[in-house]
Amino acid sequence: PLPIVAVVGRPNVGKSTFVNRIAQADEAIVHEMRGVTRDRSYHEADWNGVDFKLIDTGGIEMGDDDAFQGSIRNQALAGANEADVILFIVDGKTGVNADDEAVARILRKTSKPVFLVVNKLDTPNRTDEMWEFYQLGLGDPWPVSAMHGHGTGDLLDEVVEEL
Ligand code: GDP
Ligand code: MG
């Protein structure tokens, strides 16, 4: 079976944009399950000749706020269980919020490699927005722009080293 890279994080941080940039253009969604805690799409990808599956933990079914936060945490947990490597995407424009902290608490406990990916850093000198993410306790943040592609190659070089 192909190694699995799970992309987790709260809604709107750019998970799907990131996955769509990395996944093969002709990929098909292999499998999708909808529900509060299981709603993800699987995409085939390769980088530097390493084939892997990317899981986009997308489109959460929203309930009340508690269910919503719970579902983000569950996705992070499921990702951690299922994946070989976890990409935790956060939003460099909005900064750290309580949902990010909830996910970080779970991911700090996993033994799997976790990459903290600060997205939406679209312009050069984007490191200013990066520092506050150190408080999540997941090591050095990786600055990227999923929309424009900045930083994604350097990140993937390191990710496939872990597969
Ligand atoms: P998801 O909910 O985490 O899957 O997030 P989406 O991929 O759907 O993106 C949410 C919004 O953020 C969309 O409007 C995207 O166009 C935007 N977005 C995603 N990546 C970037 C980025 O690198 N830079 C900017 N400026 N916007 C982005
Ligand atoms: Mg999405």
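The values are calculated or read from the model by the stated rules, or taken from the named source; none is laboratory data. What you see is a predicted model; the values in this text were computed from it and never measured. Glycine gets a Cβ as well: all are built from the backbone with ideal geometry, and neighbour counts include every protein chain shown. Side chains are part of the model used for accessible areas, which takes the heavy atoms of the whole protein and leaves out ligands, DNA and RNA. Shrake-Rupley method; radii C 1.70, N 1.55, O 1.52, S 1.80 Å.
Of all residue pairs spaced 6 or more apart or on separate chains, those with beta-carbon atoms under 6 Å, a first member in the stretch 1-21 that is under 13 Å from ILE86 (Cα atoms) and a second member that is within 9 Å of ligand 2 (Cβ to nearest atom) and not in a strand (DSSP E or B) are VAL7/LYS15; VAL7/VAL19; VAL8/THR57; GLY9/LYS15. Could you grab me the full set of residues in the stretch 132-161 that are closer than 16 Å to ASN97 by Cβ and open to solvent by 40 Å² or more (accessible area, probe 1.4 Å)? Correct list: GLU132, TYR134, GLN135, GLY137. Applying the criterion of being outside any strand (DSSP E or B) and in contact with a Lys or Arg (Cβ under 9 Å, 6 or more places away or on another chain) to the residues of the stretch 38-59, the residue that is modelled with the highest pLDDT is THR57.
Considering the stretch 95-113, the residues that are touching an Asp or Glu at 6+ places or on another chain (Cβ under 9 Å) and over 16 Å from ALA78 (Cβ atoms) include one that is surrounded by the most Cβ atoms within 10 Å (Cβ to Cβ), namely ASP100. Annotation note: Cβ proximity below 7 Å between a residue of the stretch 122-147 that is of a type in the set (D, E, K, R) and a residue that is open to solvent by 40 Å² or more (accessible area, probe 1.4 Å) (sequence gap 6+ or interchain) occurs for ASP122/MET147; ASP122/HIS148.
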